[in-house]
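Mind looking over this structure? Questions follow.
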Amino acid sequence: MLSEVDIGIGNSYVTRIYMWEGNGFGGSNANVTFQGGRVVGKAQIGLR
């Protein structure tokens, strides 16, 4: 887990960002953002 934010008004508003490092070019990774246990965003760089 890279980051977590809980504003204290229920699980639906808990946001967590997870990062996985890749084996590609230096700094390659994937990020997935969850809010309330559901994926709300994703990004990647340097992965094949």
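With Rg/Rh (Cα atoms, Kirkwood Rh) as the read-out, I listed (i) 1.17; (ii) 1.04; (iii) 1.10; which label goes with the value calculated from this structure?
(iii)
Please turn the phi angles of segment 22-38 into ³J(HN,Hα) values with the Karplus equation 6.51 cos²θ - 1.76 cosθ + 1.60 (θ = phi - 60°), one per residue in order, whole Hz, x for glycine and proline.
These are the phi-based 3J(HN,Hα) values: x, 9, x, 4, x, x, 5, 6, 10, 10, 10, 9, 10, 10, x, x, 10 Hz.
Give the residue list of chymotrypsin sites (Phe, Trp or Tyr not before Pro) in the chain that are DSSP loop and have at most 15 other beta-carbon atoms within 10 angstrom.
Of the chymotrypsin sites (Phe, Trp or Tyr not before Pro), the ones in loops of the chain whose Cβ has at most 15 other Cβ atoms within 10 Å are PHE25.
Since every read-out is calculated from the coordinates, none of them should be taken as a lab result. All values reported here derive from a predicted model rather than from experimental measurement. We place every Cβ from the backbone using ideal geometry, glycine too, and count neighbours over all the protein chains shown.
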